[in-house]
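First up is the structure itself, then whatever we jot down about it.
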Amino acid sequence: MKTNQSKKLYKKGLKHLVGAVNSPVRAFSSVGGNPIFMESAHKSRIQDVDHNTYVDYVLSYGPMILGHGNKKVIKAVKTAVDKGFSFGASTAGEIELAKIVCDAFPEMDKVRFVNSGTEAVLSAIRLARAFTEKDEIIKFSGCYHGHSDALLVAAGSGLATLSMPGSKGVPKDAVKNTLIAKYNDLESVAQHLEESDNVAAIIIEPVAGNMGTVVPSKAFIKGLNKLARKYQVLIIADEVMAGFRSHFGGAYELLGLHADIICLGKVIGGGMPVGAYGAREEIMQMVAPLGGMYQAGTLSGNPIAMAAGIATLSELKKANPYEGFNETAAQIENMLLKAAKKHHVKVTVNRFGSMINAFFTEQTVVDFETAQSSNVKEFATFFWELLRQGVSIPPAQFEAWFLSTTLTKKDLKQTALAIDKAMEKVSEM
Ligand code: PMP
């Protein structure tokens, strides 16, 4: 595996970019070594600047669910580009994407587009506070909801990768209304609700992806619904990552969670910067210009981004890949477990829809604490050997791997061989 060009770019990048990156996980901090610079991608494969190609399970951290360079999406984007980049006025595309999204989420009468998942969630929190006239938020340890001040506590992968409990520069006052509970632990939620009558909402990744893939138990979801009803708090389903990954809608719906406000991102922009939050009519009535909760954006609903989102979701609906995703994820789980057994490596595999993870631990992973029992050194060895074998997964133990509709039998065969070799390397540590 050649890395000369990546090394050169990394060195060059360090001069004017912080850590040569624009998002920390790309710096490979937890796996060590020189970050790989990418150049192009086609369908299931991505190519770096040294012309190594990899089967891509990063998929831009989720958005590229149709694989790279989908022809229909490219055509839609090119058509939009020809018409103009941004107008600062409403366009038909926004209405079209809003309909597709609202149709996919029964709890959403109206939606507001923003430019990232971070914006979607911080706006949703403001909305929950506006609607309930309460201040506190219950958040789960290990769930990431973007990098806004109030949510950068116990926030999963990015911080865990850098061994940071939270972020410097966040005032104590900004997090004083953020109460932390344990994922899959109802009692920890109930306790906060018992102790405070100032809780506006419980925010949750219905399937967590930012401590690695962690699936909630049925009892936990049922209990959350009950608690939310009993204490009259809203549930915010942060579907930025999980949305459209297990069916054409939200994971919360499959799990039976009663979501009041839903946050989206990633897939709905098909690789362009789009986020969204939506809810039933009575809640969305609070948002300006209809109501007194202010939220705005110069580039929100950008016509090119809307075109990418419309084309991505339309193609996704047609392809209906979800049964296939489950089968492929099960296949990859088998590859992981088989190779781990053969080479005597301790591994736990979690998956949901098109999200999957191998944790290097023998513990069942149900929350951030159990996720953190993983051996990150073993993960780093596994990660690098996979890369050498032409398979790219996120460079962090606590990030979900994603599937796209373009994965082929050949890709899976290569993945199986790579996993076997990588587990062998781990066993030699
Ligand atoms: N919520 C969740 C569940 C996420 O996974 C992410 C990003 N990984 C965000 C919010 C923030 O999204 P963005 O990076 O687009 O700001």
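Taken together, the values in this text are just the output of simple stated rules run on the coordinates, not laboratory data. Since the model is a prediction, treat every value here as computed from it, not as a measurement. All Cβ positions, glycine included, derive from the backbone under ideal geometry; neighbour counts span all protein chains shown.
Tabulated data
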item	result
Angstrom value of the Kirkwood radius, inverse mean 1/r, which spans all Cα pairs in segment 293-386	16.5 Å
Amide proton proximity set for A181, modelled H, under 5 Å, gap of 5+	K139, F140, S141
Cα-Cα pairs of segment 23-150 separated by more than 17 Å (percent)	75 percent
Square roots of 5 times each gyration tensor eigenvalue, C-alpha, segment 71-318, largest first, Å	30, 19, 18
Residue-wise HN-Hα coupling along segment 54-69, computed from phi with Karplus coefficients 6.51, -1.76, 1.60 (Hz; x: Gly, Pro)	9, 5, 9, 10, 8, 6, 6, 6, x, x, 7, 5, 8, x, 8, x
Cα convex hull volume per residue for the chain (Å³)	138 Å³
Per-peptide average of other Cβ atoms within 10 Å, ordering 228-236, 400-408, 86-94, 186-194 highest first	400-408, 228-236, 186-194, 86-94
Part-to-part distance (alpha-carbon centres) for segment 1-16 and segment 265-308, which is given in Å	37 Å
Charge dipole (debye, nearest 20) of segment 71-318; +1 at Cβ of Lys and Arg, -1 at Cβ of Asp and Glu	740 debye
Helix-only CD estimate at 222 nm, as mean residue ellipticity for the chain, using -39500 (n - 2.57) per DSSP H run (n ≥ 4)	-12000 deg cm²/dmol
Rg followed by Dmax, in Å, when segment 366-429 is reduced to its Cα trace	12.8, 36
Table column - 3J(HN,Hα) (Hz), segment 277-289, Karplus curve with 6.51, -1.76, 1.60, x for Gly and Pro	9, x, 6, 6, 3, 4, 7, 5, 4, 6, 7, 5, x
Per residue Cα convex hull volume in Å³ - calculated over segment 247-294	88 Å³
Exposure proxy order (Cβ contacts within 10 Å, fewest to most) of S123, S196	S196, S123
Relative contact order of the chain, defined on C-alpha pairs under 8 angstrom at six or more residues apart (%)	22 percent
Whole-angstrom gap from segment 70-86 to segment 340-402, using each part's C-alpha centre	37 Å
Given charges at Cβ of Lys, Arg, Asp, Glu: the chain dipole, positive-most of V267, F368, H147	V267
Nearest-20 debye value, the chain charge dipole, Cβ charges on Lys, Arg, Asp, Glu	1500 debye
Distance (nanometres) between label positions extended 7 Å along Cα→Cβ at V81 and E187	5.7 nm
